[in-house]
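Below you'll find the structure, written out as structure tokens, and then a few comments.
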Amino acid sequence: MPAIAEKAAAAFPIWAATGPNARRAILMKAAAALESKADAFVEAMMAEIGATKGWALFNLGLAASIVREAAALPTQISGEVIPSDKPGCLSMALREPVGVILGIAPWNAPIILGVRSIAVPLACGNAVILKASETCPRTHEIIVEAFAEAGFPEGVVNVVTNAPADAAEVVGALIDAPAVKWI
């Protein structure tokens, strides 16, 4: 697991330095790429969790909307002036990307909750690791494939899958990875 965290950490500076309008454009492409994979999502969700076509398509539609909402954020991230007790001083807080963010996605609404765990961190300039549910790994892999097709730099959007028996060990290793800054 440390290897994937290091891969994400290596890609982080490239993505963090990407301008807000470029991040917005790639996120918009990601929303469209998700929608273009409707058949794959339906097939995966039906096979993995017994979802109906309607539930899978609802997941997909809401997830694409989440990405579009996140795409509006990069140009709205701002700092703020903080009152200072020292005369003549101006204190300012800036919001900056922190690094590698770990998103742990469940199985019950896999596209919605998988996308929700990575969209805003990506919009804010962070690299992400999506820890897929053991119940629906293919569904979560398709999410990451769509983001890659949208043009995210290599290593910025990552997915980890594992056998159910290995879940505790894998999650523990990801949480403990020094490169992971936020969960």
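The values are calculated or read from the model by the stated rules, or taken from the named source; none is laboratory data. Owing to the predicted nature of the structure, the values given are computational and were not obtained by experimental measurement. Because the Cβ atoms are built from the backbone with ideal geometry, glycine has one as well, and the counts that use them run over all protein chains shown.
I need the full set of residues from region 17-29 which are within 16 Å of residue 101 (Cβ to Cβ) and under 14 Å from the mean Cα position of the chain (by Cα), in order please. Break it down into steps so the answer makes sense when it comes.
Residues of region 17-29 within 16 Å of residue 101 (Cβ to Cβ): 18, 23, 27.
If the condition is that a residue be within 16 Å of residue 101 (Cβ to Cβ) and under 14 Å from the mean Cα position of the chain (by Cα), then 23, 27 are the ones that fit.
Test residue 70 against the criterion of being buried (at least 20 other Cβ atoms within 10 Å of the Cβ) and assigned to a helix (DSSP H, G or I), and give yes or no. Considered against the rule, which asks whether it is buried (at least 20 other Cβ atoms within 10 Å of the Cβ) and assigned to a helix (DSSP H, G or I), residue 70 comes out as yes. Residues in region 20-63 that are part of a helix (DSSP H, G or I), of a type in the set (S, T, N, Q) and in contact with a helix residue (DSSP H, G or I) (Cβ under 9 Å, 6 or more places away or on another chain) were compared, and the one that is surrounded by the fewest Cβ atoms within 10 Å (Cβ to Cβ) is 36. In region 82-110, the residues that are over 27 Å from residue 171 (Cβ atoms) form Cβ pairs under 7 Å with partners that are not in a strand (DSSP E or B) and not hydroxyl-bearing (Ser, Thr, Tyr), at six or more places apart or across chains, as follows: 84/90; 92/79; 93/79; 94/79; 95/77; 95/79. For region 20-33, the criterion of being free of Cβ contacts under 8 Å to residues at least 40 places away in the same chain and under 23 Å from residue 181 (Cβ atoms) is met by at least one residue. Of all the listed residues (15, 107), the sole one being among the hydrophobic types (A, V, I, L, M, F, W, C) and touching a helix residue (DSSP H, G or I) at 6+ places or on another chain (Cβ under 6 Å) is 107.
Within region 125-140, restricting attention to residues that are in contact with a strand residue (DSSP E or B) (Cβ under 8 Å, 6 or more places away or on another chain) and either at pLDDT below 95 or in a loop (DSSP other than H, G, I, E, B) (or both), the residue that is surrounded by the fewest Cβ atoms within 10 Å (Cβ to Cβ) is 126. How many residues are buried (at least 24 other Cβ atoms within 10 Å of the Cβ) and either among the polar types (S, T, N, Q) or not in a helix (DSSP H, G or I) (or both) if we restrict to region 105-124? Here the count works out to 1. Taken over region 1-19, the criterion of being assigned to a helix (DSSP H, G or I) and without any contact (Cβ under 8 Å) to a residue 60 or more places away in the chain is satisfied by 3, 13. Listed by first and then second residue, the pairs with beta-carbon distance under 7 Å, at least 6 apart or on different chains, first residue in region 147-167 and without any contact (Cβ under 8 Å) to a residue 40 or more places away in the chain and in a strand (DSSP E or B), second acidic (Asp, Glu) and surrounded by 14 or more Cβ atoms within 10 Å (Cβ to Cβ), are 159/141.
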